[in-house]
Amino acid sequence: MKLTWADDPVTLREIDGMNTLPEITSFFKTIYCRQGVRVIFVGDQMNALQTDPADPKLAIKNELELALNESSYNHLRVFSTSANNQSYLALNRNQSNITRVNTFGGMTKEELGFWWQRNSHVDSGGHSREEIEDMTGAVPLLLDGSIVEGRIDLSSNALLDVGGQVEEASKAILDRKAMSPVM
C-alpha cells in the first residue's frame with residue numbers, strides 16, 4: 001500500500017495509522033468513493049485460501065479471503081490459481097462476473113530437464129538457464145520459439161508476439177472494466 005501511495009503524504013499517514021484487517025478493508029472500500037482511485041489487486045496461488053473443514057487455519061483463511069473480496073470490490077483483480085483448484089473450477093461452471101483469461105503454465109522441473117536434454121546443442125546466447133526459464137515462463141511454445149538459428153534469442157519474434165498479445169488482451173480487459181458501471 002505504501003508503494004502505491006508513495007507520492008501522497010496524506011494517504012500515507014492514513015495507511016500508517018491502520019492496525020487491523022478491518023481498517024485496511026475499509027480503506028479500500030472507500031478509496032474509490034473518496035479519490036476515484038481503482039486499485040489493481042494482484043494475487044498468486046489463491047488456491048492457498050481454499051478451505052478444508054479439517055484445516056486448522058480455516059478461520060484465518062476464511063477471514064483473509066473475505067477481506068480480499070471486500071477490499072477488491074469496485075477495483076480490478078488479477079488473481080491466479082492452480083489449474084486443478086476445485087473451488088475455482090466449480091465457480092466457473094456457475095454464472096459469475098469473473099472475466100477468465102486462460103494461460104498455459106510452464107513445465108515442471110522434471111519436464112524442463114528433458115527439454116534441456118533435447119536442446120543441449122542450443123547455444124544459450126549468454127543467458128543462464130534460470131533467466132531463459134523466467135523469460136519464457138517455462139512454456140514449451142515460448143522456449144521453442146526463443147531458439148533462432150540454433151541460439152537462444154530472448155528478443156525473438158515468438159516472445160515479442162506473445163508480449164504484444166498479452167498487452168492487447170490486458171488493454172481490452174481494462175477497457176471493458178472501465179466501461180462497466182461501478183456498483
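Laid out as a table, the results:
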item: Yes/no for Thr103 being modelled with pLDDT of 70 or more, open to solvent by 70 Å² or more (accessible area, probe 1.4 Å) and closer than 30 Å to Glu149 by Cα; result: no
item: Residue identified as more than 29 Å from Ala172 (Cβ to Cβ), at pLDDT below 85 and not polar (S, T, N, Q) among Asp44, Asp55, Asp16; result: Asp55
item: Candidate set: segment 35-49, residues that are open to solvent by less than 70 Å² (accessible area, probe 1.4 Å) and outside any loop (DSSP other than H, G, I, E, B); chosen: the one nearest to Ser72 (Cα to Cα); result: Phe41
item: Cβ-Cβ under 9 Å pairs, at least 6 apart or on other chains, segment 137-160 side at positive phi, far side among the acidic types (Asp, Glu) and modelled with pLDDT of 85 or more; result: Gly150/Asp123
item: All positions within segment 10-34 that are assigned to a helix (DSSP H, G or I) and open to solvent by 80 Å² or more (accessible area, probe 1.4 Å); result: Val10, Arg13, Asp16, Pro22, Lys29, Cys33, Arg34
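Here's the yes/no breakdown for (1) at pLDDT 75 or above; (2) open to solvent by less than 50 Å² (accessible area, probe 1.4 Å):
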position: Arg77; (1), (2): yes, no
position: Ala83; (1), (2): no, no
position: Asn94; (1), (2): no, no
position: Gln117; (1), (2): yes, no
position: Asp134; (1), (2): yes, no
position: Asp144; (1), (2): yes, no
position: Asn157; (1), (2): no, no
position: Gly164; (1), (2): no, yes
position: Ala169; (1), (2): no, yes
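The values are calculated or read from the model by the stated rules, or taken from the named source; none is laboratory data. What you are looking at is a predicted structure, and each value in this text was computed from that prediction instead of being measured. Neighbour counts run over all protein chains shown; Cβ positions are idealised from the backbone, glycine included. Quick note on the areas: whole protein, heavy atoms, side chains included, nothing else; ligands and nucleic acids left out. Shrake-Rupley method; radii C 1.70, N 1.55, O 1.52, S 1.80 Å.
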